[in-house]
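Asker: What follows is a structure written as structure tokens; I'll ask about it next.
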Amino acid sequence: MIIFQLLLLASLSEQQKCGRSLNAFKDCIVRQGLPLDPIFLTKESNPTLYATVNHQWNLRLVQIDPLAYFLPTSTSVVQIGVKCAKDSNIRVVPKSGSHSFEGYSFGDSCKVVIDFRSMRRIEVNQREKSAIIEAGALSADIYKEIWEVGFLGIPLGGCPSVGIGGFTLGGGTGSFAAAYGLSIDNVVEMTMVAADGIAYQVNAEKNDDLFWALRGVGAGYIGIVTEFKFKLFDAANTKITWLVNSYDVKQSAQIWEAYQEWITWSNEDGNAPTTMSRINFGRKSQILIRLEFIKKGKNFPKN
Ligand SMILES: Cc1cc2nc3c(=O)[nH]c(=O)nc-3n(C[C@H](O)[C@H](O)[C@H](O)COP(=O)(O)OP(=O)(O)OC[C@H]3O[C@@H](n4cnc5c(N)ncnc54)[C@H](O)[C@@H]3O)c2cc1C
């Protein structure tokens, strides 16, 4: 009982500390000349908008109400948010498309979530076959925008609402991966805000240590990426086929062997690069395998 009371007191004083830090964070934003509305959001300041922004799709997880949301509109605003948070002793968590299976982008009652929903710009350079994409852009919008500018493609996944931020920094795999590699393999430059609020442009020549670290370590560790530059590919006439088959689990060894042969054949020039994208163990000792392969289109470039 005494232990419980002590824990309760500790958590109350922690909450008060976070509340005081949040006031300092808010004052700092105002001092930097930013309007609080619509960049700074708490449950108290706008309960309806807070509920919308705080939507958590995974009902298996406990609902979290973060201390506040910070909704930047540009890299310089992210810099102010990070700097003010540091000066106010507040931890921040970036959120792009909110699809973290584990809820890593949801923050907690002492953290401010930097939510990229107001940063979804997609700028395609058709001549260069590249695109600059802000961290909050969602996969379906990116595919559409890029296709509409000259039938170009980008290797993303199959879920339309996954955000480019978490997806790409986590590697990012999908139907195009066998032909073009992971999503992160196709990133040629990023803009990253570090823990002290400084923004870095990173690529293979400039700040290359940060560039390679961001390409290997996973999302949410090195810094907050505000925009990505991707190389694109010609996607006209490209066809993706899914093949789903179920087998008796006793045939696993033969299936694996056949798959190895297929992979070797499929990656030969002119064939169809293939990924085994799903293996499920179903009922009645069945194994369900999904293969995805790409038939190269007319304008399909060589890797
Ligand atoms: C329905 C569904 C389908 C999926 N399909 C695929 C698939 O086909 N292929 C695949 O590879 N993955 C797939 N995933 C997994 C998905 O790629 C990861 O969950 C990814 O982290 C989601 O990115 P997000 O920006 O939407 O998520 P968020 O929840 O916003 O972020 C996820 C993580 O990245 C961090 N983060 C977010 N933005 C930034 C940023 N700008 N800078 C630094 N860190 C950041 C967050 O703090 C958090 O730790 C799928 C997930 C779901 C829920």
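Asker: When you check F70 against the structure, is it over 23 Å from T173 (Cα atoms) and either β-branched (V, I, T) or crowded, with 20+ Cβ neighbours inside 10 Å (or both), yes or no?
Answerer: Considered against the rule, which asks whether it is over 23 Å from T173 (Cα atoms) and either β-branched (V, I, T) or crowded, with 20+ Cβ neighbours inside 10 Å (or both), F70 comes out as yes.
Asker: I've got another one for you. From S161, S109, S183, S130, which residue is among the polar types (S, T, N, Q), over 13 Å from the mean Cα position of the chain (by Cα) and not assigned by TED's automatic domain parsing to the domain that holds K86?
Answerer: Testing whether each residue is among the polar types (S, T, N, Q), over 13 Å from the mean Cα position of the chain (by Cα) and not assigned by TED's automatic domain parsing to the domain that holds K86 leaves just S130.
Asker: Can you list residue pairs whose Cβ atoms sit under 6 Å apart, with the first residue in region 124-147 being under 15 Å from G165 (Cα atoms) and the second being of a type in the set (D, E)? Count only pairs 6 or more apart in sequence or on different chains.
Answerer: Filtered contacts from region 124-147: I132/E123; I132/E227; E134/E227.
Asker: Out of the residues in region 108-123 that are surrounded by fewer than 22 Cβ atoms within 10 Å (Cβ to Cβ) and more than 22 Å from L22 (Cβ to Cβ), state the one that is farthest from the ligand (Cβ to nearest atom).
Answerer: Here is the first cut: in region 108-123, the ones surrounded by fewer than 22 Cβ atoms within 10 Å (Cβ to Cβ) are 108-111, 117-118, 120-123.
Remaining after also requiring more than 22 Å from L22 (Cβ to Cβ): 120-123.
Values: R120: 12, R121: 14, I122: 15, E123: 17 Å.
For region 108-123, the residue satisfying everything is E123.
Asker: Taking region 75-102 on its own, how many of its residues are at pLDDT below 95 and at positive phi?
Answerer: Within region 75-102, residues that are at pLDDT below 95 and at positive phi number 0.
Asker: Give region 258-286 a look and list any residue that's surrounded by 12 or more Cβ atoms within 10 Å (Cβ to Cβ) and not aliphatic (A, V, I, L, M), or say none.
Answerer: Hits for region 258-286 are Y259, W262, S266, N267, N271, P273, T274, T275, S277, R278, Q286.
Asker: For I255, are the conditions met, namely being out of contact with any helix residue (DSSP H, G or I) (no Cβ under 6 Å at 6 or more places or on another chain), among the hydrophobic types (A, V, I, L, M, F, W, C) and either surrounded by fewer than 16 Cβ atoms within 10 Å (Cβ to Cβ) or over 25 Å from I154 (Cα atoms) (or both)?
Answerer: yes
Asker: Could you tell me which of the residues D234, D208 is surrounded by fewer than 18 Cβ atoms within 10 Å (Cβ to Cβ), closer than 23 Å to F151 by Cβ and either in contact with a Leu (Cβ under 8 Å, 6 or more places away or on another chain) or without any contact (Cβ under 8 Å) to a residue 12 or more places away in the chain (or both)?
Answerer: Just one listed residue meets the conditions, D234.
Asker: Out of all the residues in region 268-296, which are closer than 16 Å to L243 by Cβ, in a strand (DSSP E or B) and of a type outside the set (S, T, N, Q)?
Answerer: Within region 268-296, M276, R278, I279, I287, L288, I289, R290, L291, E292, F293, I294, K295 qualify.
Asker: Please work out if S100 is in contact (Cβ under 8 Å) with a residue 40 or more places away in the chain and under 21 Å from Q63 (Cα atoms). Please lay out each step first, then the result.
Answerer: On the way: in contact (Cβ under 8 Å) with a residue 40 or more places away in the chain: yes; under 21 Å from Q63 (Cα atoms): yes.
Here the answer is yes, as S100 does meet what is asked.
Asker: Evaluate the following for V225: is it in a strand (DSSP E or B) and away from the ligand (no atom under 14 Å from the Cβ)?
Answerer: Numbers: in a strand (DSSP E or B): yes; away from the ligand (no atom under 14 Å from the Cβ): no.
No.
Asker: A further question follows. Would you confirm whether any residue within region 171-180 is touching a strand residue (DSSP E or B) at 6+ places or on another chain (Cβ under 9 Å), surrounded by 19 or more Cβ atoms within 10 Å (Cβ to Cβ) and farther than 30 Å from D269 by Cβ?
Answerer: The answer is no; no qualifying residue exists.
Asker: How about region 22-107: which helices (runs of 4 or more DSSP H) wholly inside it have at least 1 residues that are within 21 Å of I198 (Cα to Cα) and within 16 Å of the ligand (Cβ to nearest atom)?
Answerer: Of the helices (runs of 4 or more DSSP H) lying wholly inside region 22-107, those with at least 1 residues that are within 21 Å of I198 (Cα to Cα) and within 16 Å of the ligand (Cβ to nearest atom) span 75-87.
Asker: Between a residue in region 165-192 that is over 18 Å from T241 (Cα atoms) and any residue that is near the ligand (Cβ under 7 Å from one of its atoms) and aliphatic (A, V, I, L, M), which pairs come within a Cβ distance under 6 Å, given they are 6 or more apart or on different chains?
Answerer: G165/A135; G166/A219; L169/A219; G170/A219; M190/V225; M192/V225
Asker: What number of residues in region 181-207 are more than 14 Å from the ligand (Cβ to nearest atom), assigned to a strand (DSSP E or B) and in contact with a Phe, Trp or Tyr (Cβ under 8 Å, 6 or more places away or on another chain)?
Answerer: 3
The values are calculated or read from the model by the stated rules, or taken from the named source; none is laboratory data. What you see is a predicted model; the values in this text were computed from it and never measured. Here the Cβ is made from the backbone with ideal geometry for all residues, glycine too, and neighbour counts use every protein chain on show.
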